[in-house]
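The values are calculated or read from the model by the stated rules, or taken from the named source; none is laboratory data. Everything numeric in this text was worked out from a predicted model, so none of it was measured. Here the Cβ positions follow ideal geometry from the backbone for every residue, glycine too, while neighbour counts run over all protein chains shown. What goes into the accessible areas is simple: the full protein's heavy atoms, side chains included, and nothing from ligands, DNA or RNA. Shrake-Rupley method; radii C 1.70, N 1.55, O 1.52, S 1.80 Å.
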Amino acid sequence: IDITAAPPSSPAIHPLWVRITHWINAIAMLVMIGSGWEIYNASPLFKFLTFPSSITLGGWLAGALLWHFAAMWLLVVNLVVYVTLGFATGRFRKKLLPIHPGAVIADARAALAFKLSHDDLTVYNSVQRVLYAGIIAVAIVIVLSGLAISKPVQLHWLTAVFGGYDAARYVHFFCMAAIVGFLCVHVLLALLVPKSLRAMVTGR
């Protein structure tokens, strides 16, 4: 045995394309959320809810729209790349399936009791599978509803799918709320399990 030989490197958890699309998506979503809140403030859906200017982006409606649309196309291209590679490489099938309701409930209970193991980062638990599969679906819906809102004449058929312009705005808003909720949980878990954040940076 050659004791001077370097130890084998740890197995890759996240390939390069996953890490790149993850961080591009994080930047795009933060820009879209901040600018989206400024756009929302110009015509609130709920009288009791407006967002303070300190957490919005754009300064005014026109500025927010410019930021929002710029980030939207970055998000769309990034999402297409991520979803395409996710299916083509089999990563989605390997990481997100199967999903069993009983396992989801059991893992959720363990998570709430802070007893859910994170020893093997190469395997997603059932709660992670549901959250990641769900957020991909939400991301697709929020892009489509955003297009329905921004192009209600050119894409009238898409706007009609959502039940009209006003209904599409509500769908867009609640998708945004789901993404913000996901991001809060995601960041919290990254802080609680620092090696998961390191893996998304180095891949290992």
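Observations
- Relative contact order [Cα under 8 Å, 6+ residues apart], the range 143-204, whole percent: 22 percent
- Residue list for the range 128-142, given a label point 7 angstrom along the Cα-to-Cβ vector of Ala113 and an amide N cut-off under 18 Å: 128
- In the chain, the calculated helix contribution to ellipticity at 222 nm averages -23500 deg cm²/dmol per residue, counting -39,500 (n - 2.57) for every DSSP H run with n ≥ 4.
- Surface per residue (accessible, 1.4 Å probe) for the range 1-116, Å²: 66 Å²
- Across the range 166-175, computed HN-Hα scalar couplings (Karplus, 6.51 cos²θ - 1.76 cosθ + 1.60, θ = phi - 60°) run 5, 5, 4, 5, 5, 4, 4, 5, 6, 5 Hz from first to last residue, x flagging Gly and Pro.
- Cβ-Cβ FRET estimate between His22 and Trp157, R0 fixed at 30 Å, reported to 0.05: 0.35
- The loop-placed trypsin sites (Lys or Arg not before Pro) in the range 102-177, going by DSSP, that have at most 16 neighbouring Cβ atoms within 10 Å of their Cβ come out as Lys115.
- Modelled FRET efficiency - R0 35 Å, Ile136 with Leu61, Cβ distances, 0.05 increments: 0.70
- Of the solvent-accessible surface of the chain, computed with a 1.4 Å probe and all protein chains present, 73% belongs to carbon and sulfur.
- Degrees between helix 126-150 axis and first principal axis of the chain (Cα, 0 to 90, nearest 10): 30 degrees
- Of the options (i) 25, 21, 19; (ii) 28, 20, 17; (iii) 36, 19, 18, only one is semi-axes √(5λ) of the Cα gyration tensor in Å as computed from these coordinates, and that is (iii).
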